[in-house]
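Novice: Got a structure for you, questions after.
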Amino acid sequence: MRENYKGYELRTAWDDGALGYGFRIFDKSGAEVSKSIDPYFYEENALMAARVAADALPAQE
């Protein structure tokens, strides 16, 4: 799943190795600026955690 949030692109995906969903956060230039460490059982939980992580990053204009 992809979502634009506060100038960042949030992506969630299933990780077979971790047996759960993870997230990655990308800035406007497409560079990865953050990612999850722990897996999430539900994709919605991974997306909520990505939003929290994005809130902690500097605002993108």
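Novice: Starting from segment 47-61, take each residue that is more than 11 Å from S36 (Cβ to Cβ) and in contact (Cβ under 8 Å) with a residue 40 or more places away in the chain and list its partners that are hydroxyl-bearing (S, T, Y) and surrounded by 14 or more Cβ atoms within 10 Å (Cβ to Cβ), counting only C-beta distances under 8 angstrom and pairs at least six apart or across chains.
Specialist: Short answer, once both residue conditions are applied: R51/Y5; A54/Y5; A54/Y8; A54/S34; L57/Y8; L57/S34; Q60/Y8.
Novice: Considering only residues that are outside any loop (DSSP other than H, G, I, E, B), under 11 Å from the mean Cα position of the chain (by Cα) and surrounded by fewer than 17 Cβ atoms within 10 Å (Cβ to Cβ), which ones fall in segment 1-14?
Specialist: Of everything in segment 1-14, those that are outside any loop (DSSP other than H, G, I, E, B), under 11 Å from the mean Cα position of the chain (by Cα) and surrounded by fewer than 17 Cβ atoms within 10 Å (Cβ to Cβ) turn out to be R2, E3, N4, Y5, A13.
Novice: So which of E43, E3 ends up being of a type in the set (D, E) and in contact with a helix residue (DSSP H, G or I) (Cβ under 9 Å, 6 or more places away or on another chain)?
Specialist: Testing whether each residue is of a type in the set (D, E) and in contact with a helix residue (DSSP H, G or I) (Cβ under 9 Å, 6 or more places away or on another chain) leaves just E3.
Novice: Right, another one. Of all the residues that make up segment 11-38, how many are touching an Asp or Glu at 6+ places or on another chain (Cβ under 6 Å) and farther than 12 Å from M1 by Cα?
Specialist: Number satisfying all stated conditions: 2.
Novice: It is to be established whether one or more residues within segment 44-60 are touching a strand residue (DSSP E or B) at 6+ places or on another chain (Cβ under 6 Å), of a type outside the set (F, W, Y) and in a strand (DSSP E or B).
Specialist: No: zero hits.
Novice: Right, something else. Which of the residues that make up segment 15-36 are in a strand (DSSP E or B) and surrounded by fewer than 13 Cβ atoms within 10 Å (Cβ to Cβ)?
Specialist: E32
Novice: Under 7 Å by Cβ, and 6 or more places apart or on different chains, what pairs join a residue from segment 22-38 that is more than 17 Å from A59 (Cα to Cα) with one that is modelled with pLDDT under 95 and surrounded by fewer than 17 Cβ atoms within 10 Å (Cβ to Cβ)?
Specialist: G22/D15
The values are calculated or read from the model by the stated rules, or taken from the named source; none is laboratory data. Small disclaimer: the values here were computed from a predicted structure and weren't measured. We place every Cβ from the backbone using ideal geometry, glycine too, and count neighbours over all the protein chains shown.
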